[in-house]
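Novice: This is the structure, below, for whatever I ask next.
The values are calculated or read from the model by the stated rules, or taken from the named source; none is laboratory data. Quick caveat: nothing in here was measured; it's all calculated off a predicted structure. Cβ sites come from the backbone with ideal geometry, for glycine too, and all protein chains shown count toward neighbours.
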Amino acid sequence: MRAHHATLETHALDFWLARGAIALIAGLQLLFVNPNLSIGPRWVAPTFELMMLIPLSVATAWTQQRARRATEDHHWLAIRRHRQWIRAMAMALTVIIMLINFEALAAVTRALLHPSKGPSGQSLLIDALNIWFTNVVIFALWFWNVDRDGAAARGLGSRQKPDFLFPQMVGGGDEDPSWTPGFLDYFYVSFTNATAFSPTDTMPLTVRAKMLMALESFVSLLTVGLVAARAVNILT
């Protein structure tokens, strides 16, 4: 039991950063210049996301509190079951947010195919940047939730093989066996993948990690190369 407590690392700041990231996405969805980019009224999607986020945040905080007080093995089994349920709900919320952002990108693409009926170049440029940054945050959440079965499992010393190889995990005297990546580490991976369209200092090791990075690069390339370029062309 002491070993459990010794390896337990809840990464409370990471959970708050992830919640803040979802709240930021909800705020960005309210800022779309073109109302046709949102599904239904502009406030529906952000409200739904926040309504899912609040109970998830409460459940996460309650589980973390139970983990700090756990004294028996059967307590840890119950906590792990709760964390698996919370992780599944968090991934479902991430899927919903991703689909909403994909629909916004598809709406911008349709507007480009009919420029005479579409929005102005200024609004297209702002919306493209909005979609691109939202995409970065979404895949940061994906990487954070997927790698070694999520933040909670990593904190409990999960023996699951890593999905991403960070520089701190590489030999040569700089590796730190006790180090685990945090949300900002995954945000950096997502940001560099969306700008370079390829891995930089962190390598994907599993098929699911590679497919996620490929999908993010595709969406980023489509947003920057098609939408933003067309918007700049309209401006000039």
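Novice: Please enumerate the residues belonging to segment 147-168 that are in a helix (DSSP H, G or I), surrounded by 20 or more Cβ atoms within 10 Å (Cβ to Cβ) and at pLDDT 70 or above.
Specialist: ASP147, ALA151
Novice: Let me ask something additional. Run ALA128 past the list (1) touching a Leu at 6+ places or on another chain (Cβ under 8 Å); (2) modelled with pLDDT under 85; (3) of a type outside the set (Lys, Arg); (4) within 15 Å of ILE25 (Cα to Cα) and report the number of the one that doesn't hold.
Specialist: Among (1) touching a Leu at 6+ places or on another chain (Cβ under 8 Å); (2) modelled with pLDDT under 85; (3) of a type outside the set (Lys, Arg); (4) within 15 Å of ILE25 (Cα to Cα), ALA128 violates only (1).
Novice: Now, a different point. Check ALA45, ALA23 and return the single one that is at pLDDT below 80 and assigned to a helix (DSSP H, G or I). Let's see the steps before the verdict.
Specialist: Details: ALA23 fails: at pLDDT below 80.
Just a single option satisfies the conditions, and that option is ALA45.
Novice: So, one more: Just a yes or no: is a residue in segment 186-205 among the β-branched types (Val, Ile, Thr), part of a helix (DSSP H, G or I), within 22 Å of VAL108 (Cα to Cα) and at pLDDT below 90?
Specialist: No, because not a single residue in segment 186-205 is among the β-branched types (Val, Ile, Thr), part of a helix (DSSP H, G or I), within 22 Å of VAL108 (Cα to Cα) and at pLDDT below 90.
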